[in-house]
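Structure first, commentary second.
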4 protein chains.
Amino acid sequence: MNSIEKLTEIFSKFPGIGPRQARRFVYYLLHQNDASLRNFTDLILRLPKEVSRCLSCLRFAKTNTKNLCAICDDSNRDRSMLLVVAKDVDLENIEKTHTYNGRYFVLGNMIPLTEKASTDKARTKELQNEIRDRENEIKEIIIAMATNVEGDHTTDILKELLEPVTKKNNITVSVLGRGMSTGTELEYSDADTINNALRNRKGVV
Amino acid sequence: MNSIEKLTEIFSKFPGIGPRQARRFVYYLLHQNDASLRNFTDLILRLPKEVSRCLSCLRFAKTNTKNLCAICDDSNRDRSMLLVVAKDVDLENIEKTHTYNGRYFVLGNMIPLTEKASTDKARTKELQNEIRDRENEIKEIIIAMATNVEGDHTTDILKELLEPVTKKNNITVSVLGRGMSTGTELEYSDADTINNALRNRKGVV
Amino acid sequence: MNSIEKLTEIFSKFPGIGPRQARRFVYYLLHQNDASLRNFTDLILRLPKEVSRCLSCLRFAKTNTKNLCAICDDSNRDRSMLLVVAKDVDLENIEKTHTYNGRYFVLGNMIPLTEKASTDKARTKELQNEIRDRENEIKEIIIAMATNVEGDHTTDILKELLEPVTKKNNITVSVLGRGMSTGTELEYSDADTINNALRNRKGVV
Amino acid sequence: MNSIEKLTEIFSKFPGIGPRQARRFVYYLLHQNDASLRNFTDLILRLPKEVSRCLSCLRFAKTNTKNLCAICDDSNRDRSMLLVVAKDVDLENIEKTHTYNGRYFVLGNMIPLTEKASTDKARTKELQNEIRDRENEIKEIIIAMATNVEGDHTTDILKELLEPVTKKNNITVSVLGRGMSTGTELEYSDADTINNALRNRKGVV
C-alpha cells in the first residue's frame with residue numbers, strides 16, 4: 001500500500017467520510033505546496049500540546065496555567081449553574097446562542113442502553129467528583145441530552161447517580177424544556193412532541 | 001386539449017403534484033375499470049353533501065342534525081378548553097395522539113404578515129363569535145400555531161383580538177410549549193430552540 | 001368509514017401517494033366549489049369514452065373512427081420503423097424530443113424475471129401480431145427498455161420471440177445506444193456504463 | 001485564533017467540507033493518541049516525496065527511477081491507445097473497471113468556457129508534446145470528458161489543437177459513446193440522452 005492508499009484509509013475513518021471523498025482529500029493535499037502541508041501538519045502536532053481537557057468541565061480547549069478553560073476560569077460566569085452536555089460540539093453550539101451564563105460539564109458520550117452505568121465512555125465518575133468538589137456553590141444541574149432513547153436513558157442514569165449529592169445539598173436537577181422546536185408545523189409533528197407541547201403550554205399575558 | 005391533458009392540468013393543481021406525476025395519475029385512472037371510476041367520482045360528488053363544516057369548530061366532518069361534528073357533540077369532551085388550530089389536518093394530527101380531551105376551533109388559515117387582521121382567509125370573526133357564545137364555559141384558549149414567523153404573528157393578533165372577551169371572563173390564553181422536539185440533538189439545534197429549551201427547562205424529582 | 005376516509009384510501013393507491021398526502025387531496029377537494037368538482041368528475045368519467053387504446057400501437061389516446069391514434073394514422077411517420085416501449089409515458093417522453101419519426105408499440109409492462117414469457121402483463125402476443133400484420137413494411141424494430149436487469153431480460157425475451165418473423169423478413173432488431181448519459185462525470189460513473197462508453201466510442205472527424 | 005480554530009479553517013477548504021464537519025474533524029483528531037497523529041502527519045509530509053507526477057501521463061503516483069508510473073511503465077499495456085481524462089480520479093475509476101488496457105493522459109482540468117485554450121489549468125501543451133513524442137506508436141486518442149457543456153467544449157478545443165499531429169500521423173480521435181447509462185429509465189431521461197440513444201442504437205443479432 002502506497003502513501004496515497006494509506007492516507008485514503010486514514011481519511012476514511014474521519015467522521016462522515018467515505019473512501020471516495022477520502023481519496024479526493026489526498027489529491028487535494030497533493031495539490032498543496034510544501035509550506036501549506038508543513039503548516040497543516042504542524043498545527044495537527046501542536047493540537048495536543050496547545051489544547052487539553054479543561055480540569056473542570058473536561059472539554060478540549062486552550063487551558064491556562066491552572067489547567068482551566070476560558071469559561072471555567074471566567075469569574076463572570078454563574079458558578080451556581082452546571083449544564084451537563086454529551087459532547088464538546090453541544091457546548092459550543094449552546095455558547096453560540098449567548099443565552100447561558102453558567103458553567104458546563106462535558107460527559108464525553110451518552111450512556112449506552114446496554115450497560116447500566118458504563119463509566120468507560122461516559123465520564124460519570126468525573127461528573128460526580130466535580131459536583132462533590134463544588135457542592136456548596138452549585139444550585140442547579142441541567143442535564144442537556146439529545147431527546148432520543150439514549151439521551152433519555154442517560155438522563156435517568158445521571159439523575160440516579162447524582163441523587164445522593166443533590167439531595168444532601170438541595171441541588172435542583174432539571175432537563176431541557178420539550179415542545180415544539182422553532183420552525184415546525186403541527187401537521188408534521190410526532191405524537192410525543194405534541195404531547196409535550198400541550199403539557200408544557202404557557203400562559204400568555 | 002383532450003381529456004388526458006385537461007385532467008393532467010387539474011391534477012397538477014393538487015397539493016404537492018407536478019405535471020409529470022399528474023400525468024401518471026391520469027394513466028393510473030385509465031387502468032381502472034368503469035365501476036371503480038364510478039365509485040371514485042360518486043365519492044367525490046357526495047363529499048360536499050356528506051361532509052360539511054361543523055357549526056362550532058368549523059372543521060370539515062360528518063355532522064349530525066344539529067350540524068355538529070362528533071367531537072363538538074361529545075359530552076365527554078372538556079368544554080372548558082378550546083384549542084385553536086390553523087388547519088383541519090392539525091386537528092386530526094392532535095386527535096391521533098389521544099392527549100387532548102377539550103374542544104377545537106379551526107381558523108382555516110394563519111393570518112398573513114402583510115395585513116393586520118385579514119378576516120378573508122383566517123376566520124377570526126367566527127372565532128370571536130364562538131368564544132362570546134360560550135364565554136361562560138370556556139376557561140382556557142390554547143393558540144396552537146406553527147412555530148414560525150407567520151404562526152407567531154397569528155398568535156399575537158389573536159391574543160389582541162380576543163383580549164376584550166378573555167379579560168372580561170377571566171379566560172386563560174396559552175400557547176404550545178417550546179423547546180426540544182422529540183428526536184433532536186443539541187449539536188444541530190438552532191439558537192431559538194436552545195434558548196426556549198433552556199428557559200423552559202423543568203425540574204425533575 | 002365516512003367519505004373523507006374512503007377517498008383518502010382511494011387516493012393512497014395513486015402512484016407515489018401516501019396516506020398523509022391523500023388526506024390533503026381530500027381537503028383540497030373540499031375547498032373546491034360544486035362546479036369544479038362536477039367538471040373534474042365529468043372529465044374522469046369521459047376519460048374511458050374519449051380515450052382508448054390505439055388499435056395499432058396500443059397506447060391510450062384519442063383515437064379516430066379507425067381506432068387509430070394520431071401517430072399511427074399520420075402518413076408522414078416512417079412506417080418502416082417500430083419502436084417498442086414499456087409504457088405510455090416512455091412514448092410521450094420520446095415524442096417530446098422530436099427526434100424520432102417512426103411508429104411505436106406500447107408493451108404495457110416489462111417481462112418479469114420470474115416467468116420466461118408472461119403474456120399476462122406484457123403484450124407480447126399483440127406485438128407479434130402487429131409485426132406479422134405489417135411484416136412487409138417494417139424494416140427495423142428498436143427495443144427501447146430501461147437499462148436495468150428487468151429491461152435487459154425483456155429485450156432478450158422479445159428478441160427470441162420475434163426471431164421467426166424478423167429472420168424471415170430480414171427485419172433489423174436494435175436496442176438503444178448505451179454509454180454516458182448527458183450531464184454525467186466519469187468520476188461518478190459505474191463500471192458497466194464506462195465499459196459501454198468505451199466499447200461504443202465514436203470517431204470524430 | 002487558537003489551533004482548534006485554525007485547523008477548522010483548513011479543513012473547511014477540503015473538497016465538500018463545511019465548517020461544522022471541519023470542526024468535527026478537529027475533535028476527531030483530538031481523540032487520537034500521539035502515535036496516530038505522528039503517523040498521520042508523517043504520511044502527509046511523505047506524500048510529495050513518495051508520490052509525484054508521472055513523466056508520461058502526468059498523474060500523481062509512485063514513480064520509478066525513470067519517473068514513470070506503473071501503468072506507463074507496463075509493457076503489457078497497449079501503447080497505441082491514449083485515453084485523455086480530466087482528473088486523476090477519472091483515471092482511477094476507469095482502471096477499476098478493468099476494461100481498458102491502453103495508456104492515459106491526465107489533463108488536470110477541463111478547459112474553461114471563457115478562454116479559448118487556457119494552458120494555465122489544462123495541460124494542453126504537455127498533451128501535444130506527449131503525442132508528438134510518441135506520434136509513431138499512437139493509433140487512437142480517446143478524449144474522455146464529462147458529458148456537460150464544459151466537457152464538450154474541452155473535447156472541441158482538444159480536437160482542434162491536436163489536428164496537425166493526428167492528421168499527419170493518421171491517428172483516430174474518438175469520444176466516449178453516449179446513450180443510456182446503466183440503470184436509467186426512458187420516462188426520466190432528458191431529450192439529449194434519448195436523442196443520443198436513438199442515433200447510437202445498435203443492431204442485435
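The values are calculated or read from the model by the stated rules, or taken from the named source; none is laboratory data. As the structure is a computational prediction, the values presented were derived from the model and not from experiment. Because the Cβ atoms are built from the backbone with ideal geometry, glycine has one as well, and the counts that use them run over all protein chains shown. Only protein heavy atoms, including side chains, enter the accessible area calculation; ligands, DNA and RNA are left aside. Shrake-Rupley method; radii C 1.70, N 1.55, O 1.52, S 1.80 Å.
Interface C-B: total buried accessible area of about 4300 Å², 1.4 Å probe, protein heavy atoms only. With the whole protein complex present, residue A:5 retains an accessible surface near 80 Å², based on a 1.4 Å probe. Mind checking the angle between helix B:88-97 and chain B's longest principal axis? C-alpha axes, 0 to 90 degrees, to the nearest 10. With both axes taken from Cα atoms, the answer is about 70 degrees. Check each residue of the stretch B:149-187 and keep those whose accessible area, probe 1.4 Å, is at least 50 Å² smaller with all protein chains in place than in the chain alone; give them in order of residue number. Those are B:175, B:176, B:177, B:180, B:181, B:182, B:186, B:187, which lose 50 Å² or more relative to the chain on its own.
Shape class of the stretch A:82-203 from the Cα gyration tensor (axes a ≥ b ≥ c, square roots of the eigenvalues): prolate, since a/c reaches 1.5 or more and a/b is larger than b/c. Among beta bridges from DSSP that stay inside chain B, the antiparallel ones total about 20%. Positive-end ranking of A:124, A:64, A:114 along the dipole of chain A, with charges on Cβ about the Cα centre, is headed by A:64.
In the protein assembly as shown, the DSSP-assigned H stretches of four residues or longer account for a calculated mean residue ellipticity at 222 nm of -13500 deg cm²/dmol, using -39500 (n - 2.57) per stretch and the full residue count as denominator.
Placing +1 on the Cβ of every Lys and Arg and -1 on the Cβ of every Asp and Glu, with nothing else charged, gives chain C a dipole about its Cα centre of roughly 400 debye.
Rolling a 1.4 angstrom probe over the protein heavy atoms with all chains in place gives the stretch C:74-135 an accessible area of 47 Å² per residue.
Coupling constants for the stretch D:12-26 follow from the phi torsions by the Karplus curve (6.51 cos²θ - 1.76 cosθ + 1.60, θ = phi - 60°), and in residue order they are 5, 8, 5, x, x, 10, x, x, 5, 5, 4, 5, 5, 4, 4 Hz; glycine and proline get x. Note that the stretch A:179-195 has calculated 3J(HN,Hα) couplings of x, 6, 7, 5, x, 10, 10, 4, 4, 10, 7, 7, 4, 5, 5, 4, 3 Hz, one per residue in order, obtained from phi through the Karplus relation 6.51 cos²θ - 1.76 cosθ + 1.60 (θ = phi - 60°); glycine and proline are x. Between identical copies, the spacing of residue B:114 label points, each set 7 Å from Cα toward the C-beta atom, reads 3.9, 5.5, 5.8 nm from nearest to farthest. Each copy carries a label point for residue A:205 at 7 Å from Cα toward Cβ; from one copy, the others' points are 3.1, 8.5, 9.0 nm away, ordered from shortest.
Roughly what % of DSSP beta bridges within the protein assembly as shown run antiparallel, to the nearest 5?
In the protein assembly as shown, DSSP labels about 25 percent of beta bridges as antiparallel.
Is the stretch C:54-111 best put as rounded, prolate or oblate by its Cα gyration tensor, with a ≥ b ≥ c the root eigenvalues, rounded for a/c under 1.5, and otherwise prolate when a/b is larger than b/c, oblate when not? Since a/c reaches 1.5 but b/c is at least a/b, the shape of the stretch C:54-111 is classed as oblate. Compute the helix-to-body angle for C:149-169: its Cα long axis versus the longest principal axis of chain C, expressed 0 to 90° and rounded to tens. It works out to around 60 degrees.
Across the cross-link table entries C:167/D:96; D:62/D:87; C:49/C:167; A:13/D:6; A:49/A:168, which are compared at the Cα atoms, the separations over 28 Å belong to C:167/D:96; C:49/C:167; A:49/A:168. What sits nearest the axis between copies D and A, counting only chain D Cβ atoms, is the residue and whole-Å distance D:41, 2. Shape of the stretch C:1-134 from the C-alpha gyration tensor: prolate (a/c of 1.5 or more and a/b above b/c, with a ≥ b ≥ c the square roots of its eigenvalues). Its relative contact order, with pairs defined as Cα atoms under 8 Å and 6+ residues apart, puts the stretch B:1-155 at 16 percent.
Measuring only protein heavy atoms, the 1.4 Å probe finds residue B:46 accessible over about 90 Å². Each residue, residue C:101 and residue D:121, gets one label point 7 Å from its Cα in the Cβ direction; the gap between the two is 4.1 nm. Accessible surface for the stretch C:141-196, divided over its residues, is 39 Å² per residue with a 1.4 Å probe.
Computed with a 1.4 Å probe on the full set of protein chains, the accessible area for residue B:1 sits at about 130 Å². The H on the amide N of residue A:145, modeled in the peptide plane, is under 5 Å from the matching H of A:176, each at least 5 residues off or on a different chain.
When a 1.4 Å probe is rolled over the protein heavy atoms, the share of accessible surface on the stretch C:57-141 that falls to carbon and sulfur comes to 46 percent.
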